[in-house]
Amino acid sequence: MPLVTPHTDTATGAEHIVGPFTQMSQTVANFLWNTAASNIPQDLEWEIISLTLAIAALLWFLRSGHGSKGVDGRVRKAGLLQFLLPKDIYTHASARVDVWLWVTERIFYPFWAIALLATVGPATEQSVISVLKWLFGNSPELHSNLAWMLLYSLVTLLCYDFVFFLTHYAMHKVPALWALHKIHHSAEVLTPLTRYREHFIDGPIWVVGGAVSYGFAAGIFGFLFNGGITEATLLNLGFFAVLFGFNGSFRHYHVQFHYPVWLSKWLQSPVMHHVHHSYLQQHHDKNLAVFTSIWDRMFGTLYIPEVDEYTPWGLGPDSQSEHQTFWQNTTGPFRDWYKMLTPRASSARRSEREQS
Ligand SMILES: [Zn+2]
Ligand SMILES: [Zn+2]
């Protein structure tokens, strides 16, 4: 029996389930195409930036001016304006490089998204639906309610988080991938734009991971509800989009936002990403997931920092100077790959390692 049955439309009486991810990805593709066409990278929702600043102002008040970090990664006391928007961080050369890397990455991103998100996502979704139909017959046509919508959002989030964790783990452990991901870690200060500090050819890797995980969850729920389910929303934005936006901007903000330790064992607090960006040995390759701590806990990479723990950001004194400018960061992976492929350079590296 063929695993994937041919689709026919409803006019012929046969069932063709169009899952919520297919519909959503078409909307996303249209949006991204318009963005690409106008050539203005749009991101960072102002609502999310406002929420980040409001929480940071509350932390400033509660800790009497303590809790934000300086360029050196150490906590310092500051007045409100200096606490929220410190001049030394936002005028740092690293923050300027963030802007240029963001612009480059955003120009290319819509093309990856159109090419991959709009194809890999629906293809995954349709494959999952086909397999489920083959296994269980027609959709049980369950009726959606808020609880199901929340469950759908939660499953999507867990799938995304797991695929992100695996991708990120590989980015840290496989030298050829680390050469690319290093650009994210070469940031010497953290600003909300650091979230987008990626090499532009990194885009397809993250997009495929996202598309497969959304498509997988959408396929399961699309089958159960015959396509009649959408994600729960918060502030009229996808529940997931709000969490993603908030989490993304606060984890790359220099203000420490800790959760209680018991909660940090389940969810990544924003300050846990300060650890991820630290070059200290004990912080290497820690806190690799985005939302939950579940996967890091399972794979032994969870690190919950102490309040005011010192987290110096960047690649460290040994290699920072090779990844400082926009040009160095853009050409960095190609230089590193070349070195990996050149036997003389790699044998020199081997003997360096043996000596250390
Ligand atoms: Zn990383
Ligand atoms: Zn980061």
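Brief remarks follow.
Quick grid of which residues meet (1) part of a loop (DSSP other than H, G, I, E, B); (2) of a type in the set (V, I, T); (3) within 16 Å of ligand 1 (Cβ to nearest atom):
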{"residue": "D88", "(1), (2), (3)": "no, no, no"}
{"residue": "I129", "(1), (2), (3)": "no, yes, no"}
{"residue": "Y169", "(1), (2), (3)": "no, no, yes"}
{"residue": "K182", "(1), (2), (3)": "no, no, yes"}
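- When T194, T156 are checked against the criterion of being within 16 Å of ligand 1 (Cβ to nearest atom) and touching a helix residue (DSSP H, G or I) at 6+ places or on another chain (Cβ under 6 Å), T194 stands alone in meeting it.
- If you go through segment 153-181 and pick out every residue that is touching an Asp or Glu at 6+ places or on another chain (Cβ under 6 Å) and away from ligand 2 (no atom under 16 Å from the Cβ), you end up with 2.
- In this entry, Y253 is excluded by the filter for residues that are surrounded by fewer than 21 Cβ atoms within 10 Å (Cβ to Cβ), in a loop (DSSP other than H, G, I, E, B) and modelled with pLDDT of 90 or more.
- Segment 184-209, subset at pLDDT 90 or above and either away from ligand 2 (no atom under 14 Å from the Cβ) or part of a helix (DSSP H, G or I) (or both), residue farthest from the chain's Cα centre (by Cα): H185
Let's see how each residue does on (1) modelled with pLDDT of 85 or more; (2) within 16 Å of ligand 2 (Cβ to nearest atom); (3) not in a helix (DSSP H, G or I):
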position: F223; (1), (2), (3): yes, no, no
position: G227; (1), (2), (3): no, no, yes
position: T230; (1), (2), (3): no, no, yes
position: F246; (1), (2), (3): no, yes, no
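- In this entry, Q355 is excluded by the filter for residues that are modelled with pLDDT under 95 and crowded, with 16+ Cβ neighbours inside 10 Å.
- Restricting the first member to segment 135-151 and to residues that are in contact (Cβ under 8 Å) with a residue 24 or more places away in the chain, and the second to residues that are of a type in the set (K, R), the beta-carbon pairs closer than 9 Å and six or more apart or on different chains are S139/K133.
- Taken over segment 267-317, the criterion of being within 14 Å of ligand 2 (Cβ to nearest atom) and among the β-branched types (V, I, T) is satisfied by V271, V275, V290, T311.
- Across segment 203-230, the number of residues qualifying as without any contact (Cβ under 8 Å) to a residue 60 or more places away in the chain and over 30 Å from N138 (Cα atoms) comes to 2.
The values are calculated or read from the model by the stated rules, or taken from the named source; none is laboratory data. Note that the coordinates shown come from a computational prediction; the quantities given were computed from them, not determined experimentally. We place every Cβ from the backbone using ideal geometry, glycine too, and count neighbours over all the protein chains shown.
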